[in-house]
Amino acid sequence: MSKQVEIAKIYEDNHVIVVIKPQNVPCCPDESGDANLLDELKMHLGEGEKRTFVGLVHRLDRVTGGVMVYAKTSKAAARLAEQLQNNTFHKKYLAVVLGEPKLREKTLVDHLLKDELKNTTKIVPSATTGAKRAELNYRVTQIIDKVSLVEVQLVTGRSHQIRVQMANHGYPVFGDAKYGGDKLGKGWNLALWAYEIAFVHPTTQDMMKFIVNPPETIPWTKFEIDRKVKQASKGAVE
């Protein structure tokens, strides 16, 4: 029997619920059959209520933790999905990568192809059948002991995108055995964390921002991270 997922809620109203997804927990049902956050939220919200709708708005890889928003109505789900399509739903990540990127800020553009059977993604020529364009912006914030703390803002949302693109450019994510980042950090959780989301509330039209910083474990503890966690704010999206 799979272990129950603890709900770490940081915001909720009648339309959305914002939670912290633990690392190594699926954000929605998958082939593993393990307990997942989407089903746990349905049970959590369904207690004492007839309505148990919970909509998956965006995804995080199983091994990635951090902040996520789920919709509590179909209308909210549709409006948030539209923001994702229009690139007005903003997602930022923190990652610890091996090495010291030569450029402290850079935009990476590649084309990715996913192997569904192996659950891996690779960079391929743009003309490859099934290839999808992938774009991200990264900024190095600190470098300590030949590992770097980088802030990543996704422009597109592809499977394993940050892990594959950073590894391909010579800077795999700490602890990532799948893409060459386990030369350091073997046995530790993947050092990739979804720390900020910002979007327009689907009904009030307020700008909402939520920040949850990574856990105080290796390798995050190497760096000075402002630990103002679980913030929600209304205002202009940066």
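Every number here is computed from the coordinates shown, using simple stated rules; none is lab data. Treat the numbers as computed from the prediction; the structure is a model and nothing was measured. Cβ coordinates were reconstructed from backbone atoms using ideal geometry, including for glycine residues, and neighbour counts include every protein chain displayed.
How much mean residue ellipticity at 222 nm does the chain get from its helices, if each DSSP H run of length 4 or more adds -39500 (n - 2.57) and you divide by all residues, to the nearest 500 deg cm²/dmol?
Working: 3 runs with 30 residues, N = 238.
For the chain, the value works out to -3500 deg cm²/dmol.
How long are the semi-axes of the equivalent ellipsoid of the chain, taking √(5λ) for every eigenvalue λ of the Cα gyration tensor, in whole Å from largest down? Spell out each step's value before the answer.
On the way: eigenvalues 163, 78, 75 Å².
Each semi-axis is √(5λ); the values are 29, 20, 19 Å.
Counting Lys and Arg as +1 and Asp and Glu as -1, each charge on the Cβ, what is the dipole of the range 82-176 about the Cα centre in debye, to the nearest 20?
Numbers: 14 positive and 10 negative charges, 18 e Å.
It works out to roughly 80 debye.
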- [ ] Report the net charge of residues surrounding residue 111, where surrounding means a beta-carbon distance below 12 angstrom and charges are Lys +1, Arg +1, Asp -1, Glu -1.
- [x] +3
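Go through 61-73, 21-33, 118-130 and give me the packing order, highest mean Cβ count within 10 Å leading. Please list the in-between numbers first.
On the way: 61-73: 22.0, 21-33: 14.8, 118-130: 12.4.
Ranking the peptides 61-73, 21-33, 118-130 by packing returns 61-73, 21-33, 118-130.
For the range 66-155, just run the numbers: alpha carbon Rg, then divide by 2.2 N^0.38 Å, N being how many residues it has.
It is 1.34.
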- [ ] Would you mind getting me the FRET efficiency between residue 222 and residue 42? Use the beta-carbon distance for r and R0 = 45 Å, nearest 0.05.
- [x] 0.75
Open item on the list: Between residue 156 and residue 137, what is the label-point separation in nm under the 7 Å Cα-to-beta-carbon projection?
Closed with: 1.8
Task: Dipole of the range 9-234, positive end: most advanced residue of 86, 180, 54 [Cβ charges, Cα centre] - done: 86
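Treating the beta-carbon of each Lys and Arg as +1 and of each Asp and Glu as -1, no other charges, what is the dipole magnitude of the range 125-185 about its Cα centre, to the nearest 20 debye?
Details: 8 positive and 5 negative charges, 39 e Å.
Dipole magnitude for the range 125-185 comes out near 180 debye.
With only Lys, Arg, Asp and Glu charged, each at its Cβ (+1 for the first two, -1 for the last two), find how big the charge dipole of the range 9-234 is about the Cα centre; round to the nearest 20 debye.
380
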- [ ] Among 143, 17, 38, pick out the residue whose Cα is farthest towards the positive end of the charge dipole of the chain, where Lys and Arg carry +1 and Asp and Glu carry -1 on C-beta, about the Cα centre.
- [x] 143
